[in-house]
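**Q** Just passing along the structure, written as structure tokens.
The values are calculated or read from the model by the stated rules, or taken from the named source; none is laboratory data. None of the values given here were measured: they were computed from a predicted structure. Cβ sites come from the backbone with ideal geometry, for glycine too, and all protein chains shown count toward neighbours.
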């Protein structure tokens, strides 16, 4: 389950970096805000959970577009300035959320109850299985969109060579906006999916951002397939580590994994593929 959530958020970060060359450290804030959207839509307004997921995707996607239009597009070719801006935005979003929603974590009630038993004595809660299924569907949809749709091919063309794509008649600015919308929406819907499992609070996106960047570096920067592979590697390492050795050791193991990959395969497991 954690691998799939890492993959959703890391795919968004990879899309932004691959298309625009921007390292978006506000991505965790979008994840956090997606959790608040599902809380207020599902718990406070009583909307169906799928409607809350769609709301999280659309609202956080449009927020990402506003961030790009209002700030990032002016500094798109200056990677360090964009990095500093997004770090600052992440802090602003966290603290404003703390003021608006309070610092106390909010609980989203479970969607369903029960245990699903599989082969070899494996058991999993029905709720987690539903979240895994939803995350998998979203991942496959994104891969299909990027590989088969015209807009997906535009995104890949701009990521490959923005200047050549523009000379061929593509509007790179509209492509950037589409990439930012999809990437931000993925972070929002990932936060909404995880809200019934973990509480929603102003600072829940910090660890997700860190792990998403580890996923990108392990899998290969700019590679969506690399993000997929890196997320499953990191998810398995952290899950087994936290289960058998404790959370602190699991964190050490994730950074040890990153160091090993950077030493022996500096471009990541699928970098350049």
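**Q** Can you go through 22, 38 and tell me which one is in contact with a helix residue (DSSP H, G or I) (Cβ under 9 Å, 6 or more places away or on another chain), buried (at least 24 other Cβ atoms within 10 Å of the Cβ) and not in a helix (DSSP H, G or I)?
**A** Working: 38 fails: not in a helix (DSSP H, G or I).
The match here is 22.
**Q** Which one of the conditions (1) in a helix (DSSP H, G or I); (2) buried (at least 19 other Cβ atoms within 10 Å of the Cβ); (3) free of Cβ contacts under 8 Å to residues at least 60 places away in the same chain does residue 255 fail to meet, given that it meets all the rest?
**A** (2)
Okay, residues lined up against (1) under 21 Å from residue 191 (Cβ atoms); (2) crowded, with 18+ Cβ neighbours inside 10 Å:
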| site | (1), (2) |
| --- | --- |
| 58 | yes, no |
| 62 | yes, no |
| 80 | no, no |
| 91 | yes, no |
| 99 | yes, no |
| 108 | yes, yes |
| 119 | no, no |
| 146 | no, yes |
| 158 | no, yes |
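**Q** If I ask for residues that are over 9 Å from the mean Cα position of the chain (by Cα) and under 19 Å from residue 56 (Cα atoms), which ones from the range 3-24 would you list?
**A** 4, 15, 16, 24 - these are the residues of the range 3-24 that are over 9 Å from the mean Cα position of the chain (by Cα) and under 19 Å from residue 56 (Cα atoms).
**Q** A follow-up question, please. What residue, of 227, 192, is at pLDDT below 85, buried (at least 21 other Cβ atoms within 10 Å of the Cβ), under 14 Å from the mean Cα position of the chain (by Cα) and closer than 20 Å to residue 141 by Cβ?
**A** 227
This table checks each residue for (1) in a helix (DSSP H, G or I); (2) in contact with a helix residue (DSSP H, G or I) (Cβ under 8 Å, 6 or more places away or on another chain); (3) modelled with pLDDT under 90; (4) over 15 Å from residue 25 (Cα atoms).
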| position | (1), (2), (3), (4) |
| --- | --- |
| 54 | yes, no, no, yes |
| 58 | yes, yes, no, yes |
| 63 | yes, yes, no, no |
| 77 | no, no, yes, yes |
| 80 | yes, no, yes, no |
| 83 | yes, no, yes, no |
| 103 | no, no, yes, yes |
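**Q** Okay, moving on. What are the residues in the range 105-129 that are out of contact with any helix residue (DSSP H, G or I) (no Cβ under 9 Å at 6 or more places or on another chain) and either free of Cβ contacts under 8 Å to residues at least 60 places away in the same chain or farther than 18 Å from residue 30 by Cα (or both), if any?
**A** Narrowing the range 105-129 to residues out of contact with any helix residue (DSSP H, G or I) (no Cβ under 9 Å at 6 or more places or on another chain): 105, 117-123, 125-129.
117, 118, 119, 120, 121, 122, 123, 125, 126, 127, 128, 129, listed by residue number.
Quick grid of which residues meet (1) assigned to a loop (DSSP other than H, G, I, E, B); (2) more than 14 Å from the chain's Cα centre (by Cα); (3) in contact (Cβ under 8 Å) with a residue 60 or more places away in the chain; (4) crowded, with 21+ Cβ neighbours inside 10 Å:
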| site | (1), (2), (3), (4) |
| --- | --- |
| 202 | yes, yes, yes, yes |
| 214 | no, no, no, yes |
| 235 | no, no, yes, no |
| 238 | no, yes, yes, yes |
